[in-house]
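Q: Please find one structure pasted underneath; my questions will follow.
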Amino acid sequence: MEHLKQTGTVVFTNVRLGTPGGLVPHGAGVLVRDGNIERVLDAAPTGLGREIGVVDCRGGALYPGFHDCHMHLTATGLVA
């Protein structure tokens with residue numbers, strides 16, 4: 001992961017992008033530059049330079065802005 005921190009540009013492939021409205025059903029990748037989503041890709045990227053990090057998400061969902069998105073329901077009183 002050290003390589004990804006140095007480049008500033010990362011492409012997440014094989015990913016579904018989560019938004020406040022739900023998961024984006026289409027999109028083969030997400031291009032992130034300097035910590036900001038620059039674009040959602042419709043096709044798997046090709047011809048990327050060696051300086052660009054690539055993370056295969058294996059069909060998982062990417063939710064921007066969530067650093068730790070888990071919750072313990074017993075601590076909230078929602079579950080007895």
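The values are calculated or read from the model by the stated rules, or taken from the named source; none is laboratory data. No experiment lies behind these values; they were computed from the predicted model shown. Positions of Cβ are generated from backbone atoms using ideal geometry, with glycine treated the same way; all protein chains shown enter the neighbour counts. For accessibility, only protein heavy atoms count, side chains too; no ligands or nucleic acids. Shrake-Rupley method; radii C 1.70, N 1.55, O 1.52, S 1.80 Å.
Q: Cβ contacts < 6 Å: first residue acidic (Asp, Glu), restricted to the stretch 48-60; second residue at pLDDT below 85, any location; separation 6+ or different chain. Result?
A: The qualifying pairs are Glu51/Thr7.
Q: Residues being of a type outside the set (Ser, Thr, Tyr), open to solvent by less than 40 Å² (accessible area, probe 1.4 Å) and modelled with pLDDT of 55 or more: count how many of those fall in the stretch 1-15.
A: Final tally of qualifying residues: 4.
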